Structures are given as structure tokens and as C-alpha cells.
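This report concerns only the one structure given below.
The values are calculated or read from the model by the stated rules, or taken from the named source; none is laboratory data. Keep in mind the model is a prediction, meaning the values are calculated, not measured. Quick reminder, even Gly has a Cβ in these numbers, built from the backbone with ideal geometry, and neighbours come from all protein chains shown.
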Amino acid sequence: MRSLFLDPLNFRMIGCPAVMKITRSIKLFEEAQQLIPGGVNSPVRAFRSVGGHPRFIHRAKGSKLYDLDGNTYIDYVLSWGPMILGHASPPVIGAIKKAAGRGTSYGAPTELEVDLARHIRTAVPSMEKIRLVSSGTEAVMSAIRVARGFTKRDGILKFEGCYHGHSDYLLAKAGSGMMTLGIPDSLGVPADFAKHTFTAPYNDIRTVQRLMRERGKHIACIIVEPIAGNMGVVPPAHDFLPALRQLTLENDSLLIFDEVISGFRVDYGGAQALYGITPDLTVLGKIIGGGLPVGAYGGRTEIMDLIAPTGPVYQAGTLSGNPLAVTAGLATLKQLRAKQLYKNLEERSAAVAEGIGKEAQRAGIPIIQHRVGSMLTAFFASDPVVDWNSAKRSDTKRYGQFFHQMLEQGVYLAPSQFEAAFLSTAHSSTDIERTIKAARVAFKSL
Ligand SMILES: *Cc1c(COP(=O)(O)O)cnc(C)c1O
């Protein structure tokens, strides 16, 4: 068989005693690569940073993924965040089935959209008005457009290692997928676009202060993941978000929280509820679609009313507010509103983190663990991780070995060091015990 990757790690992986049969995945990946760039429809799925073959998934239920070769995995990727209730959650699937019978798209308004907007505003009161779109990328892109329209400024300030979707001017120093592939910036992005994007290290208030002093009057907005999730989980330093709030107010710039991951993940009100900071605009995605494609952006009425048809900032979408996607999102939010779910997620996630920490220590492997609620990362690093520069000092080769050891034992982690692991309400204590046991074996083998 032809080797698909030429990195030494991969050879070691192929050479290691793989007990798991993955012949169908391997065969399909060969064909996929003839038809789809890299064989995947989103780059991080391709296992490039860990080597080996991506698993082709046949179905998923609860905390488990089942691949085409019949292998079962406890899933900590959860479609990169959305599946907080676990896969194929009965209330969500039931609602989708019912909705599908009533037609899949109308191109006219529905009661469902009003209902979802109401649920979102109740959870996240800073989102006084909300626009639904079809992806996080689209939501961020649109939020930035309205921020620019509102302030009549072009500049934006973002943070190294934060990912905000793949729109042109946000592909500067943009987190996991880019880091993993080693593309500092994307080809195909005109320099004229990227020149409006300024970047600062995450958690580095001084650099933000300096940039705002020099450029503040040209900065439409500061956009930030209030809990960074796309360089691995990096929580904000205690004074970071308050400083961003203050600096944007001083400069008449807007503060945008990209809560595509943290929204409904760390708390029903997202990171802004957790940290008590009110942004001008918020972007949501992932969980609010319940596993179907949705994004949302919203904020102060005076800003949001600039959007067409009320105002001159254009934004539209054929499938925006799609009834199936909105139904899945609504069903998910209704389940989550029961507070007990977050308490439960917190306890289970703490147990996983604690177990992994103990096993690493027992094996003498240094790791730095970060966790906010049910999003967590173990960096294979010895020094504190506070931003992208410190995150990238992690031993990614070791992560790759750990990843494959876990995968072999039926635990599906993100195929990159620079990603969050997520728990769902479907992860049982048995799943957690099995995961910790697998980690013991994996750490020992390193
Ligand atoms: C996933 C993600 C996006 C992009 O969302 P898509 O639905 O993949 O376009 C934007 N921002 C953050 C923080 C994300 O994690």
C-alpha cells in the first residue's frame, strides 16, 4: 500500500502494533483524495499533524462514533463542539424528523426563527437583536461588516491563535487549522484586505494598549474568543477581557465576542455570563445549530438596525434561518436550559481532567492542562501556556503519539494538539473511566 504521508511519525505509527482494522477507511481515503482536495472537506479532519489515516464515520450515537470498519470510539471532538447533548439526541432527532415533514426551506419567515431568537436573547441579553446565518464564518464576517458600517472605520484587531472562520481578512494568525498546516497566512487573500487586520498576542494587554494608542481611531472593532479554543484551550487572564472592554469604549471601537465555541458551552449565557463582560456584538454557531449548519450574530439594537432591510449594511442568505437547522438548535437549547446539565458537564469534565492529570504525573510526562467547563486541552508542555507563542512550544510529536495510542484504544481526540476536547451530556462515568484507563496506557508508552 502506498504511504500517504512522508513524515517519520507516520512511519512509526504504521510500524506500531495496530490492532484496529481500518481497511475500509484507508481504501476510501485513497479514493477521497482523488476527488476532494486532501480527501476532506475541512482541513483538520485529514490527520496531517498526527499522521495516519482519518477514520470514515458511518454513524454516531450518544458519546460514541462508529467507523466504517466497525470500530467504536468515545468521541471528544463532538463535531468540533456542536454536539453538547451527544450524537443523535432523541429530542433533537425527533424534532428534526417532524420538521422535515413540513418542508425543508421556504425562503419566507417562520415562527421558529422568532422562537430561536427569543431563546438566544434570553440566554445572552447583550444580543438585543439577532440575525441567523448558516455558519460561524458567515456570522463573523457579517458582524465585522456591521461593526465597520457602524463605526465607519476599516481596521480590526484580532489575536494570534484565535480563529474566526475563513473569511479573507481574518486569516491572519488564525489558530489550529492554520497552525497545524503551517500556513501563516492563506494564499488568495489580497494584501489590501489583510492590511486592515492587526494582531496582538492573546492575553497581552500592553500590545493592545499600544495598538489602540497608535491606531485606535481607525479600529472598527476588537474581535476575540473570550475563551480561546482554537490554539487548544487558553482561558483569558483575569484582567484581559475587562481591559478590552475599557479600551474599546475609550476609542469608540466595538468589542466583538466570538462565542462560536463558548456560547452555550461553558454556561447557558456563554463566556460573557461567566466573566461578566458585555460585548457590543456576539457571534454564535456550533451548539445553536444542534449539529446542523447555523450561525448567528447579534448585539445592540442601534448597531443591528444598520443591517438590511432596516439599514444600509447588506447581508442575506438563501438558507438563513433554515427550518431544519433552527429546529435542531431550538431542541438543543430547550434541553440545555435545564441547569442541571451544566453542573453535570462540569463534574464529568473535571473528572476527566483530573484523571488525565494523575496519569500523566504517574508516567512522569509533563503536561499543562486547561479547562473551562466542558472544553479542555492537555498541552504536552512544561511552561505556562498563555498565548499562541507559548502554545506552539508544545511537543506536537508526542501529542501525535498520544493521540494514536488513544485512538487505538477507542478514544477519539482531536487530531491536533491545538484543539479543545469537548464533553457531552451523553458521556457516562464508564466512558470517563475507560478514557482515563486508556490515558494510563498511552502515557506509559511515550
Ligand atoms: C468554528 C469556529 C468558527 C467558524 O465557524 P464555522 O461554522 O466553521 O464557519 C468561528 N469562530 C470560532 C471561535 C470557531 O471555533
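Screening residue 108 with (1) in contact (Cβ under 8 Å) with a residue 12 or more places away in the chain; (2) over 24 Å from the mean Cα position of the chain (by Cα) gives one miss only, at (1).
Taking the conditions exactly as written (buried (at least 18 other Cβ atoms within 10 Å of the Cβ), touching an Asp or Glu at 6+ places or on another chain (Cβ under 8 Å) and of a type in the set (Val, Ile, Thr)), does residue 294 satisfy them or not? It is false that residue 294 is buried (at least 18 other Cβ atoms within 10 Å of the Cβ), touching an Asp or Glu at 6+ places or on another chain (Cβ under 8 Å) and of a type in the set (Val, Ile, Thr). Here is the figure for the stretch 372-406: residues that are part of a helix (DSSP H, G or I) and touching a strand residue (DSSP E or B) at 6+ places or on another chain (Cβ under 7 Å) total 3. Go through the stretch 405-441 residue by residue and tally those that are of a type outside the set (Ser, Thr, Tyr) and closer than 16 Å to residue 377 by Cα. The number of residues fulfilling the criteria is 15.
Screening residue 355 against (1) away from the ligand (no atom under 15 Å from the Cβ); (2) farther than 17 Å from residue 127 by Cα; (3) small (Gly, Ala, Ser); (4) part of a loop (DSSP other than H, G, I, E, B) leaves a single unmet condition, (4).
If I ask for residues that are closer than 14 Å to residue 325 by Cβ, of a type in the set (Val, Ile, Thr) and crowded, with 16+ Cβ neighbours inside 10 Å, which ones from the stretch 94-124 would you list? The answer is 96, 110, 120. Pairs meeting the criteria (first residue in the stretch 297-311 and in the same structural domain as residue 321 (by TED's automatic domain parsing) and assigned to a loop (DSSP other than H, G, I, E, B), second residue buried (at least 17 other Cβ atoms within 10 Å of the Cβ) and not charged (D, E, K, R), beta carbons under 6 Å, at least 6 apart or on different chains) are 306/146; 306/149; 306/150; 306/313. Candidates in the stretch 265-278 are the residues that are in a loop (DSSP other than H, G, I, E, B) and within 13 Å of the ligand (Cβ to nearest atom); of these, the one that is nearest to residue 82 (Cα to Cα) is 265. Annotation: residue 223 fulfils all but one of (1) surrounded by fewer than 24 Cβ atoms within 10 Å (Cβ to Cβ); (2) within 16 Å of the ligand (Cβ to nearest atom); (3) of a type in the set (A, V, I, L, M, F, W, C); the unmet one is (1). Every listed requirement among (1) away from the ligand (no atom under 16 Å from the Cβ); (2) surrounded by fewer than 24 Cβ atoms within 10 Å (Cβ to Cβ); (3) hydroxyl-bearing (Ser, Thr, Tyr) is met by residue 327 save one, (2). Among the residues making up the stretch 123-137, those that are over 19 Å from residue 112 (Cβ atoms) and either within 15 Å of the ligand (Cβ to nearest atom) or at pLDDT below 95 (or both) are 136, 137. Which numbered condition in (1) in contact with a Lys or Arg (Cβ under 7 Å, 6 or more places away or on another chain); (2) surrounded by fewer than 20 Cβ atoms within 10 Å (Cβ to Cβ) is the only one that residue 347 fails? Condition not satisfied by residue 347: (1). Restricted to the stretch 163-188, and to residues there that are away from the ligand (no atom under 16 Å from the Cβ) and either aliphatic (A, V, I, L, M) or part of a helix (DSSP H, G or I) (or both), the residue that is modelled with the lowest pLDDT is 183.
Taking the criterion of being β-branched (Val, Ile, Thr), closer than 20 Å to residue 166 by Cβ and at pLDDT below 95, the only residue of the stretch 13-62 that qualifies is 44. Scanning the stretch 125-157 for residues that are assigned to a strand (DSSP E or B) and either out of contact with any Lys or Arg (no Cβ under 7 Å at 6 or more places or on another chain) or surrounded by fewer than 19 Cβ atoms within 10 Å (Cβ to Cβ) (or both) yields 129, 131, 132, 133, 156, 157. Residue 331 meets the conditions (1) in the same structural domain as residue 132 (by TED's automatic domain parsing); (2) within 19 Å of the chain's Cα centre (by Cα) in every case but one. The failed one is (2). In the condition set (1) assigned to a helix (DSSP H, G or I); (2) in contact (Cβ under 8 Å) with a residue 60 or more places away in the chain; (3) hydroxyl-bearing (Ser, Thr, Tyr), residue 416 is compliant with all but (1). On the stretch given as the stretch 189-203, residues that are assigned to a loop (DSSP other than H, G, I, E, B), away from the ligand (no atom under 14 Å from the Cβ) and either buried (at least 20 other Cβ atoms within 10 Å of the Cβ) or at pLDDT 85 or above (or both) total 2. Of all residues in the stretch 389-430, which are buried (at least 22 other Cβ atoms within 10 Å of the Cβ) and acidic (Asp, Glu)? Scanning the stretch 389-430 gives a single hit, 419. One residue stands out in the stretch 232-262 among those that are in contact (Cβ under 8 Å) with a residue 60 or more places away in the chain and more than 11 Å from the ligand (Cβ to nearest atom): the one that is farthest from the chain's Cα centre (by Cα), namely 252.
Here is the figure for the stretch 366-416: residues that are within 25 Å of residue 224 (Cβ to Cβ) and aliphatic (A, V, I, L, M) total 10.
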